[in-house]
1. Roughly how tilted is helix 133-150, in degrees to the nearest 10 and between 0 and 90, from the longest Cα axis of the chain?
2. Taking springs between alpha-carbon atoms closer than 10 angstrom, which of 36, 113, 70 fluctuates most in the Gaussian network model of the chain?
3. Counting helices only, and only those DSSP H runs with n ≥ 4, report the 222 nm mean residue ellipticity of the chain as the sum of -39,500 (n - 2.57) divided by its residues, in deg cm²/dmol to the nearest 500.
4. Note the angle between two axes, namely the Cα long axis of helix 2-22 and the longest principal axis of the Cα atoms of the chain, as a number of degrees from 0 to 90, rounded to the nearest 10.
5. In nm, what is the difference between 0.36 nm times the number of residues separating residue 33 and residue 50 and their Cα-Cα distance?
6. Report, to the nearest 10°, how far helix 84-96 tilts away from the longest principal axis of the Cα atoms in the chain, using its own Cα long axis and a range of 0 to 90°.
7. For the stretch 2-150, what relative contact order do you get, as a whole percent, if you take Cα pairs closer than 8 Å and at least 6 residues apart?
């Protein structure tokens, strides 16, 4: 039994590595039959994801650091501005996938895992950021550089 568990853990770890290399920055639908396995950043939670993104880097206009009210004061958030086409795609995606799970991948790492409760019509994706202010700013700089490279 121990060897079976070891093999399963190895395969899960191996699949996660493969998925991380394949997933580009974007918004993804979680799926029990998804072929990409990803771990939510900062947790042990693992999700199966459809490898085709709903939103891609071309749907993002810019990233900025913001702050949101939290139970214990302000919390740092990453705000990703959606293009008009990205807003339309996200609105339709959420309308068609109520009750399903979705997540945001940035530079190959899963930063959010949310259940879609209703149709969402937004201009910015908002991601609460773990880590330091410096690491958040670095992620914003990296994401803006990726947006600039892909939106020429």
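1. Taking the Cα atoms of the chain, the angle to 133-150 is about 80 degrees.
2. 70
3. -11500 deg cm²/dmol
4. 30
5. 5.4 nm
6. Helix 84-96 and the main axis of the chain meet at about 50 degrees.
7. 24
Read the figures in this text as sums done on the coordinates, not as results from a lab. Keep in mind the model is a prediction, meaning the values are calculated, not measured.
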